[in-house]
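The values are calculated or read from the model by the stated rules, or taken from the named source; none is laboratory data. The model shown is predicted, which means the values in this text are computed figures rather than measured ones. For neighbour counting, all protein chains shown are included, and Cβ atoms are generated from backbone atoms with ideal geometry for every residue, glycine included.
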Amino acid sequence: MAVDANAVAAMDAAEKARGKYAALSFATIAIVVGLPLWWKTTETYRASLPYSEIAELDTLMFQLTVPISVVFAKGALLGDQERKLPFRNVQEMETPLNPQTSVTSRYEVSYRRTTTQEEKALSQSSVQEADDMLLPAQGAPVGSLTIYVIPHSSTLLPQETTMYIGKHRSAIVRAPQGAKDTLAALNTQVKQVTQVMSFTPESITGALSDRIPMSQPGAEWKRPLKSSLGYEITFSLLNPDPKAHNVHWDIEGAISRYVKPLLGKLSSLAEFSVDSQILYYAALGVMPRFDASSSSYILSAHSLPHVINPVEARLGSSAASLFPVLNFLLYVPERLHSPLYIQDKDGAAVPTNAFHSPRWGGIMVYNIEPEAANETSFPRRVDVDMVWVMEVFLAQLRLLFGILPGSLPDGAVLESSGNEGLSDWELDRLLWARAVENVATVSTTLTSLAQLLDKISNIVIKDDVASQVYHAVESAQKAMQELELGHLDSAFQASKDAITASERAFFDPSLLHLLYFPDDQKFAIYIPLFLPMAVPILLSLVKILKEAKQKKKAPMKMD
C-alpha cells in the first residue's frame, strides 16, 4: 500500500510543532512560575529595622538637667532682696568629649521662701532632726537638690560650720555675713553644693569610657563596675590551716544587718544575689616575706596582683554566672605565716589590712591573737569580729560601684549615711552615671547589630528581633528626653528597658551567621538540582531559535 508523501510530511511537521510547543511550554512554566516560586521560597526573611534612627542614636549629645531649689528661711535675706522672690535662673555648661559625644550640664535654679512646714523643721535644735523633717516637706524628686539658706546668726549649725550636707537630697548653708547682695554671694555656695551632691564631669566621662579613648594604657581598670542588670556578691572565708584554726563567722547575720540595707537602697539600680562559702586549704599562692624587726610576715604592694588568680581558681562562681560576680574574701593566715600584714607602695602598713581589685572585689587578711605559751590544744576556735570585717567590705563595695567620697569645701560637714550605707544624693549620682552609660551601651550595641546585618545579607531578621530593636531605640530616645527634662527616675528606667531590649536583639540565637549558607554555597546546592532539567529546555530553545532564523533566511520558492 503506497503511503502518501504529503501526509507523511504533514505528520512530521505536526510532530515538530508539538515538540516546539512542548519545549516552549516547559520553558514558560519554568521561567514564569518555577523561578519566581523558587526565589520566593528560598529568599531570606528580613523584617524592617529603623536604620536611620540607629544612625542618629550613634551621635549622643546628652543634656543633663538638674532641678535645684534655693529656699530662704526668715531673716536670711534683707527686705529689698526678699521682694525679688520667687524667680528662676538657668545655667548651662557644655563638655565636648569627642565629635560624636558631648555632655551639657543644665542647672535650673529656682529661688523661693520657706513654707510653714519647712520653717518649723529649720527651727529644730539639731540639724540632724531638721534634715529628717525636711525630707517630707520638700518632696524632692529623684535627681533634684534643695538648698536651705538660714540666717548667719542661726544656731542650727555650729558657728564654724557654713554648710551641712544631709543624707537625703538637701543641704543647709549659712547666709554670708556682710554681703550687700546675698543672692549673688550665694552662687559660689550653690556651685559647691552641686559639685558635692550631683554628678561630676569625671563620673559622666567614666560612664562613657567605651566611647572615649583612654588617656593612659590600662586606665580602664580604675573605672568602676560597668552597668549591668544584675550582680552576684560572694563572701568567701579562706582557711588554709583548718588543723590549727577552727574559724567561725556569723556571715548570715552580718549580711542581714549590713549588706541587705545597702542592697535594698541599690535595688532600683540592679538585681543582687548574695551567697557565702568556706574554702579550706586555700592559700593565697604568694609566699609572704618575713620581717624580723616586727616578727611578722609581709605582703608587699607589688605582690598583691599575683594573689588574685590562684585564689580565683578555687572560687568557682564566676563561670556559672550570667552577671558580674563581686568576690569578697576573708583570709585567715596559716599558723606558720601569722601574723600577716599588707604594706602599701611606700612600705607603710595598710590600716584595714585589706586591698581591693577594681571590677573584681576585695581581700582582707584577718589576723588572730597570738597563741599562749602553754596552749597545746588544736584547732583553736576563732570568732571573727564581723562588725570590723563588714565595715571594710562595704567600703570596698562602694568603691567598686564608683561611690567615692568627694572633697568637701572649707567649713562643710557631711552627715553619715547611717545603716543604709548610702545617701539619697549618692544614689542619684550613681543613677546619673548609669543612665548615661546605658544609653551609650545601647547606641554601641545597635550600631554594631546594624552593621552586622548590613554586611551579612542572608541572616534572617525575625519580627520579634525587629520589635526588640524598635523598642530599644524608642526607650533610648525616651531616656535622652527624660534626662533633658530632669526626670532622672524615669530616664534611668527607660535606659534599663533600652539595654534589655538591645541585648535580647543582639544575642538572639537566630542571628548566628553560622546558621546560614553564603550565596556561593547556596548556588552549589541548587545547581545540581536544576541543571538536569534546565539543559534540555535550553537546548530545545536554542534549536527553535536556529530553525526560526533559517526560515527567515531561506528564499521563497517560485511556482
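A few comments on the model shown:
- Options 402, 347: the member that is at positive phi, surrounded by fewer than 17 Cβ atoms within 10 Å (Cβ to Cβ) and either outside the structural domain of residue 306 (by TED's automatic domain parsing) or not polar (S, T, N, Q) (or both): 347
- Selection of the range 329-368 for residues being acidic (Asp, Glu) and either free of Cβ contacts under 8 Å to residues at least 60 places away in the same chain or in contact with a His (Cβ under 7 Å, 6 or more places away or on another chain) (or both) yields 344, 346.
- Lone qualifier among 413, 365 - being in contact with a strand residue (DSSP E or B) (Cβ under 6 Å, 6 or more places away or on another chain), surrounded by fewer than 18 Cβ atoms within 10 Å (Cβ to Cβ) and among the aliphatic types (A, V, I, L, M): 413
- Residues of the range 323-345 satisfying the condition of being touching a Leu at 6+ places or on another chain (Cβ under 9 Å) and more than 23 Å from residue 242 (Cα to Cα): 323, 324, 325, 326, 343
- The residue of the range 45-81 that is farthest from residue 543 (Cα to Cα), among those that are touching a residue at least 12 places away in the same chain (Cβ under 8 Å), over 25 Å from the mean Cα position of the chain (by Cα) and loosely packed, with under 12 Cβ neighbours inside 10 Å, is 48.
- Residue 521, sole failed condition from (1) in a helix (DSSP H, G or I); (2) surrounded by 11 or more Cβ atoms within 10 Å (Cβ to Cβ); (3) at pLDDT below 95: (2)
- Looking only at residues in the range 176-198 that are modelled with pLDDT of 85 or more and touching a helix residue (DSSP H, G or I) at 6+ places or on another chain (Cβ under 9 Å), the one that is surrounded by the most Cβ atoms within 10 Å (Cβ to Cβ) is 197.
- Counting only strands (runs of 3 or more DSSP E) wholly contained in the range 270-328, no element carries 1 or more residues that are in contact (Cβ under 8 Å) with a residue 60 or more places away in the chain, polar (S, T, N, Q) and over 19 Å from residue 239 (Cβ atoms).
- Among the candidates 201, 217, 213, the residue that is surrounded by fewer than 15 Cβ atoms within 10 Å (Cβ to Cβ), under 30 Å from residue 163 (Cα atoms) and either assigned by TED's automatic domain parsing to the domain that holds residue 329 or at pLDDT below 90 (or both) is uniquely 201.
- Selection from the range 76-109 of residues that are of a type in the set (Gly, Ala, Ser) and closer than 14 Å to residue 486 by Cα: 105
- Annotation note: Cβ proximity below 9 Å between a residue of the range 523-540 that is on the phi < 0 side of the Ramachandran plot and a residue that is surrounded by 11 or more Cβ atoms within 10 Å (Cβ to Cβ) and outside any helix (DSSP H, G or I) (sequence gap 6+ or interchain) occurs for 524/517; 525/517.
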